[in-house]
Amino acid sequence: MESFQSLLDELHLHRNANKSRQMKAYMKDNFTFIGIPSPLRKNIQKTYINEWTKEDISVVVNVIDLCWKDEHRELQYIGMDLANATKKKFQQEHIENIESWIVKKAWWDTVDGLASNSVGYLLLAFPHIRDKKIEKWMQSGNMWLERTAILHQLKYKERTDINLLRHLINQKKEDHQFFIQKAIGWALRQ
């Protein structure tokens, strides 16, 4: 895809080895970075995301998949931003794509962004898939899917299903995993 390659080329023009090391250290050495600070990355990606939001959902999903295949974390941020910018184009079957993006190269930075935006939107737009999907995630043994289940209602405000939130928290209240406890606290504060 030509526009994706153009994005990569533009990002690599701004490579900063010092920033790359700092960003990698901040993320506990889990990911490789080009070394582009967030404001600059967002400025670079803006034109591309604007272009891709006009495309068919199959093109959008393909671009996000390419972002997740790239070794540099900035590309997963761009993929997440594109998913969130086009979430209203997603259909119920796209929950499977989002789930794959959550578990691949998983860490709080992308999981939280997808959970509270794209996942939250889809589970509200297609409520008949919500309970089955959430139960699957809570039984998966995958901390990031469990965190997604807990956080997906973050932006619901008065539409929050308190009973569901209570049920999810009760399932995990004895879990001492840091990222699960932080998700519970965040969900309760919201």
Of Glu96, Glu146, which has the most accessible area and how do the rest follow, probe 1.4 Å? Glu96, Glu146
Based on the alpha-carbon gyration tensor of the stretch 1-122, what equivalent-ellipsoid semi-axes (square roots of 5 times the eigenvalues) come out, in whole Å, largest first? 23, 17, 11
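Any idea what the dipole of the stretch 56-190 comes to, in debye rounded to 20, about its Cα centre with Lys/Arg Cβ at +1 and Asp/Glu Cβ at -1?
Here the stretch 56-190 has a charge dipole of around 440 debye.
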Cα lying deepest toward the dipole's positive end in the chain, options Ser20, Phe179, Trp144, charges on Cβ: Phe179
Please list, in chain and number order, the residues 5+ apart from Thr32 or on another chain whose amide H is under 5 Å from its amide H, with Hs placed from the backbone. Arg73
Loop-exposed chymotrypsin sites (Phe, Trp or Tyr not before Pro) per DSSP, neighbour cap 16 Cβ within 10 angstrom, longest uninterrupted part of the chain: 1-106
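Which order do you get for Arg189, Arg166, Arg21 if you rank them by accessible area with a 1.4 Å probe, largest at the top?
On the way: Arg189 175, Arg166 125, Arg21 150 Å².
In descending accessible area the options line up as Arg189, Arg21, Arg166.
Treat every Asp and Glu Cβ in the stretch 97-176 as -1 and every Lys and Arg Cβ as +1, leave all other atoms uncharged, and give the resulting dipole magnitude about the Cα centre to the nearest 20 debye.
With Lys and Arg at +1 and Asp and Glu at -1, about 120 debye.
The values are calculated or read from the model by the stated rules, or taken from the named source; none is laboratory data. All figures in this text were calculated on a predicted structure; none of them were measured in a lab. Positions of Cβ are generated from backbone atoms using ideal geometry, with glycine treated the same way; all protein chains shown enter the neighbour counts. Protein only, heavy atoms only, side chains kept; ligands, DNA and RNA dropped before computing areas. Shrake-Rupley method; radii C 1.70, N 1.55, O 1.52, S 1.80 Å.
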